[in-house]
Amino acid sequence: MNKDVTRVEGIHYATGRPVRFNIRGGIIQAVEPLDGVEPLDGIQAVEHAGEDTGGRGGDHDGLPLVAPGLVDLQVNGFMGTDLNGPGLTAEQVDTMSLALLRHGVTRFCPTLVTGPGERVLAALCALSEAAGGRGPASGAMAGIHMEGPFISPEVGPRGAHPLKHCRMPDISLLHRWMEASGGRIRIVTLAPELPGSIPFIRECVSLGIIAAIGHTGATGAEIRAAAEAGATLSTHLGNGSHSMLPRHPNYIWAQLAEDELHATMIADGFHLDDAVLKVFFRAKGEKAILVSDSMSHAGLPPGTYDSPIAGRVCLTPEGLLHMEGNPLMLAGSASALLDGVRKMASIVGFVQAWDAGSARPAGLLDPSGVHGLHPGAPADLVLLEPGPDKMKIRSVYRAGFKEVP
């Protein structure tokens, strides 16, 4: 084997088989069975890898579970870095990217929300600088997610976005964003009921941008028109909505029924009930995707904080982030994507949950590419401790290089 090849050995997260990954040039070149290591049957190996198996599969002791790197399509901030705060710098983005790596996120979409136009453009420039630099963000940024300002001004669908900065879809502004970001806009979330939304969606598609439906009060017909125009995603489905809806029809059912739409969900234990998550996953199948929607407060101690977008927010000891004085109005998430995968694993199983946070979002971003742990896929790997606690990270590889620890 060529000396330039990196080898990583472990238990395949989905098959439960002991394997060796041969990596060259940041790409998985081959996945080989480990000689002399007797495989266990199917997922049993995943559930019990590293445990004393009474003589069956004892050679597995010490081998980590190997899973694809997590891909988070919605990161507003993390561990004190606020992408929507004033004076964002490339250095701050690098710091946040490294913190995300330590939580298994090898690629992410920095997300800018509704706010002052000048601040948004400045943030786009900072993100572009970070993506073009040599720090951790350069290999981690999968494209920028613009969540607003083309969203419903109504209370409920608007969420914590400031009303005064909401506006109608503007194709000329989209092009200014693209220029400021160096062409790095990858997702735009908008409300399809707004005037001008359909030509805006078509322009997104022509530029290779994913048009996403979110923060909306649209009718079923308006959602259908958006999907026909090229929208392919529902942003944090079930959130950014009215507190009370008709049983049927409503815009949640309509988005679930659109086969063209993938759907992202926040599984932090607060945004969606367990039963809702289970039903959404069943309805969307392979198009069900987990996101964190993490804010800068993720990883910080409980308390009251000032947010440049939402104002005063409260982080409870339980991890709920809400608007001050209104516990029912969520202000984003204070959890990492890894926490959402852990939560979802208790509902639909480990493999399904991990795929929803890794291979599925990667596939949405690059439908023609190879993803997961297959030959030809990027060598973005998360090595997890075996045994009952499969969410404890041992190390993280990005593009074949060991980044963590």
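Of the listed requirements (1) at positive phi; (2) buried (at least 24 other Cβ atoms within 10 Å of the Cβ), Gly376 misses just one: (2).
Inspection of the stretch 239-252 identifies no residue that is at pLDDT 95 or above, under 30 Å from Gly69 (Cα atoms) and in contact with a helix residue (DSSP H, G or I) (Cβ under 6 Å, 6 or more places away or on another chain). Screening Phe350 on (1) more than 19 Å from the chain's Cα centre (by Cα); (2) within 17 Å of His12 (Cβ to Cβ) shows it passes everything except condition (1). Scanning the stretch 260-269 for residues that are closer than 25 Å to Asp72 by Cα and surrounded by fewer than 17 Cβ atoms within 10 Å (Cβ to Cβ) turns up at least one hit.
Can you pull out every residue in the stretch 268-289 that is assigned to a helix (DSSP H, G or I) and either in contact with a His (Cβ under 6 Å, 6 or more places away or on another chain) or over 20 Å from Pro367 (Cβ atoms) (or both)? Step through it out loud before you land on a result.
Just the residues of the stretch 268-289 that are assigned to a helix (DSSP H, G or I), to begin with: 274-287.
Residues satisfying the conditions are Asp274, Ala275, Val276, Leu277, Lys278, Val279, Phe280, Phe281, Arg282, Ala283, Lys287.
The values are calculated or read from the model by the stated rules, or taken from the named source; none is laboratory data. It should be emphasised that the depicted structure is a prediction, and the values quoted were computed from it without experimental measurement. Using ideal geometry, Cβ is built from the backbone for each residue, glycine included, and neighbour counts are taken over all protein chains shown.
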